[in-house]
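A short write-up of the structure that comes next.
The values are calculated or read from the model by the stated rules, or taken from the named source; none is laboratory data. Note that the coordinates shown come from a computational prediction; the quantities given were computed from them, not determined experimentally. Heads up, the Cβs are rebuilt from the backbone with ideal geometry, glycines too, and the neighbour counts pull from every protein chain shown. Just so you know, the surface numbers come from the protein's heavy atoms only, side chains and all, with ligands and any DNA or RNA stripped out. Shrake-Rupley method; radii C 1.70, N 1.55, O 1.52, S 1.80 Å.
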Amino acid sequence: MAANFLRLLQRGGFQFHFSPKGGIQNSLQLRVSPKNCKGQKRNITGNPERYPGADFNYPKPNKFFWATPPRYHEKLFLRDVAKYYALTGIPALIIIMFINTFIGPAELSEIPEDYEPEEYEYHEHPITRFIVRNMMTPYQENYEKMCAKIALETEKMEWRQKQKMVNYLMQERGDGLYYYIPMTPTEVIDYSPKSDPDQ
Amino acid sequence: MADQGDDGGPPQKKFDMANWGEAYTYYPGGDNTHLNPVMKTILASYYYTVDMPVTAIHDWIKSQKKSSYPYYHRKFRRVPGIEECDITDQVCMYEANEQFQRDHLIDQEVLRLARQDWMRCCFQEGDSHYVNCRDFKSRLDSAQNGYDLKYGDLGVYGNAVKAFMKQKHRMIEERREAEKQQS
C-alpha cells in the first residue's frame, strides 16, 4: 500500500487544477486522454478564432490518441483509503444502529423529590451516558476543584503582598530585623525523658 | 346522455375551487380517484417500491421494545452576582462569571425563539406580515434591544466584570443626559 502511494506521488497524481481560460488540457501539466475530457475534445489553444480566450496560441497537433500517464495508482490509493475507512466505519455504524434501535435514548423527566441524580443521568444518548459514567469527572467536582485552586492561589497572593509590605517597612523604619518564630513555652515541655540518662 | 339533460353534474374535484387544495394532493398510497391513469401509475410505482418498504422498516424500528429510562435537566443554584462580590474575592468572581455565561446562553436561546416565532408568522401571513405580525416584531425588538444593551459589544472575551462596567457607564451616561435635559 505504501509502495503504491509512493508511486502515485512520483507520478504526480490527483492533479486537479482549474484554469479560468478553460479547457482541460490548459488546466493540467500532464496530458489527459480524450475520454477524460468530459466533453472538451479539442485542444482549444490551437484554434484562436473560435476560442479567443486561450492563454496563447501554438500550433496544434491533429492527434486523436495522446500519450497519457496512467491513472492506475490513483485507483489503488483510493481503494486503500476506502478499505481502511470501511474497516472501522462499518462496524461502528452497525453497533450504533443496534444501540439506537434496541436500547434507545432516554426520556426527559422531572427530578423526583429528595433525589440527586448521578452525573450520567443528565445526558440523553446511551453512549454519552456510558462515557460520562466511566471516563469523565463530574461537573460539580471540576467546578469545586477550580474554586479550591483559586482560593489557594488568592491566599498565597495575599501572603506575598503582606511579606513585601513587611520587608518594606522593616527597611524603612529600621527598628529591628527579627521575625516571629512560633515556639512552645518551656513550662509545658516535659523534660523527664532527657533528665535521667540511665533510663 | 347529454341530450336528456345529464351533463355529469358540477365538476367533482378536479377544477372545483372549493377543493382546489385537495385537487392538488397527490397522496401516494392514498385516495387517487380524482387523478388520471398516468399519475396513478407513477404514484403506485413510487409507493410500492419505495414508500411501503421504507415505512415498514421505520415502523419495525419504532416498534422495537426500548428500555425506558429517564434523564434530567440540570438545575443550577443562583449564586451572588458580580455586583455583590468583594474586589479581592476571586472565588466569588469565578462563580459569578460562570453564572453570567450560563445566562448568556439562555438569553441567546430566548432571542432565537422570539425570532423564530416572528419568522413563522411572516411565512404564514405572507405579504400582510407588516400588519399581522406586529406583536411578534415588537417582542423581538425589545428582546434584541435588551440583549444588545447587556451583551452588545463585549466580544469573545466578554465576562461578568466587563458587562458590569458597561452597565455602569451606561447608567452614568443616562444620568448626564438627564442632567443636561434638566438644565
Problem set entry | Rounded FRET efficiency, nearest 0.05, which uses the C-beta distance separating B:Val54 from B:Asp3 and R0 of 30 Å | 0.05
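Net charge near A:Glu74, counting Lys/Arg +1 and Asp/Glu -1 over other residues with Cβ under 14 Å of its Cβ? Please list the in-between numbers first.
Numbers: positive: A:Arg7, A:Arg11, A:Arg71, A:Lys75, A:Arg79; negative: A:Asp80.
Summing Lys/Arg as +1 and Asp/Glu as -1 gives +4.
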For this session: Please express the shape of the stretch B:31-110 as an equivalent ellipsoid: the semi-axes are the square roots of 5 times the eigenvalues of the C-alpha gyration tensor, given largest first in whole angstrom.
Result: 60, 19, 9
Seminar exercise, completed: For B:Lys150 and B:Arg175, extending 7 Å from Cα along the Cα-Cβ vector and measuring point to point gives, in nm, a value of 2.3
Seminar exercise, completed: Measuring from its Cα centre, the stretch A:71-147 shows a charge dipole (+1 at each Lys and Arg Cβ, -1 at each Asp and Glu Cβ) which, in debye to the nearest 20, is 1160
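Are there GluC sites (Glu not before Pro) in the stretch A:100-199 that DSSP marks as loop and that have at most 10 other Cβ atoms within 10 Å, and which are they? Kindly include the intermediate steps, with their values, before the conclusion.
Numbers: sites: A:Glu107, A:Glu110, A:Glu113, A:Glu118, A:Glu119, A:Glu121, A:Glu124, A:Glu141, A:Glu144, A:Glu153, A:Glu155, A:Glu158, A:Glu172, A:Glu187; in loops: A:Glu110, A:Glu113, A:Glu118, A:Glu124.
Answer in residue order: A:Glu110, A:Glu113.
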Exercise. When all protein chains stay in place, what accessible area (Å², nearest 10, 1.4 Å probe) is found for A:Lys149?
Worked result: 110
For this session: Using all C-alpha to C-alpha distances in the stretch A:127-199, build P(r) with 5 Å bins and read off the rounded percent in each one.
Result: 3, 10, 9, 9, 8, 8, 9, 9, 10, 9, 7, 5, 4, 1, 0
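Here is the link list: B:Lys150/B:Lys180; B:Lys75/B:Lys162; B:Lys137/B:Lys166; A:Lys156/A:Lys194; A:Lys156/B:Lys162; B:Lys137/B:Lys180. Which ones come out longer than 30 Å on Cα distance?
Working: B:Lys150/B:Lys180 25 Å; B:Lys75/B:Lys162 26 Å; B:Lys137/B:Lys166 27 Å; A:Lys156/A:Lys194 40 Å; A:Lys156/B:Lys162 26 Å; B:Lys137/B:Lys180 33 Å.
Over 30 Å apart, Cα to Cα: A:Lys156/A:Lys194; B:Lys137/B:Lys180.
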Exercise. Assigning unit charges at the beta carbon (Lys, Arg +1; Asp, Glu -1) and nothing else, what dipole magnitude in debye, to the nearest 20, does the stretch B:70-133 show about its Cα centre?
Worked result: 400
Exercise. Which angle from 0 to 90°, rounded to the nearest 10, does the C-alpha axis of helix B:160-182 make with the longest principal axis of chain B?
Worked result: 80
Exercise. Alpha carbon centre of the stretch A:70-132 versus the stretch B:59-118: separation in Å?
Worked result: 25
For this session: Starting from the amide H of B:Tyr71, placed 1.01 Å from N in the peptide plane, find each other amide H under 5 Å away whose residue is 5 or more places distant or on another chain.
Result: A:Glu107, A:Leu108, A:Ser109
Seminar exercise, completed: Residue by residue through the stretch B:84-95, the couplings from Karplus 6.51 cos²θ - 1.76 cosθ + 1.60 with θ = phi - 60°, in Hz, x for Gly and Pro, are 9, 9, 5, 5, 9, 8, 6, 5, 4, 5, 4, 5
Exercise. Which value at 222 nm does chain B reach when only helices count, each DSSP H run of 4 or more adding -39,500 (n - 2.57), with the total divided by all residues and rounded to the nearest 500 deg cm²/dmol?
Worked result: -19000 deg cm²/dmol
Exercise. Relative to the longest principal Cα axis of chain B, at what angle does helix B:37-46 sit, 0 to 90 degrees, rounded to 10?
Worked result: 50
Exercise. Excluding same-chain residues fewer than 8 positions from A:Lys63, which aspartates and glutamates have a Cα within less than 20 Å of its Cα?
Worked result: A:Glu49
Exercise. Accessible area of A:Ser195, 1.4 Å probe, to the nearest 10 Å²?
Worked result: 90
Problem set entry | Sites A:Phe14 and A:Leu177, calculated FRET efficiency, Cβ-Cβ separation with R0 56 Å, nearest 0.05 | 0.15
Exercise. Percent of alpha carbon pairs in chain B separated by more than 22 Å?
Worked result: 75
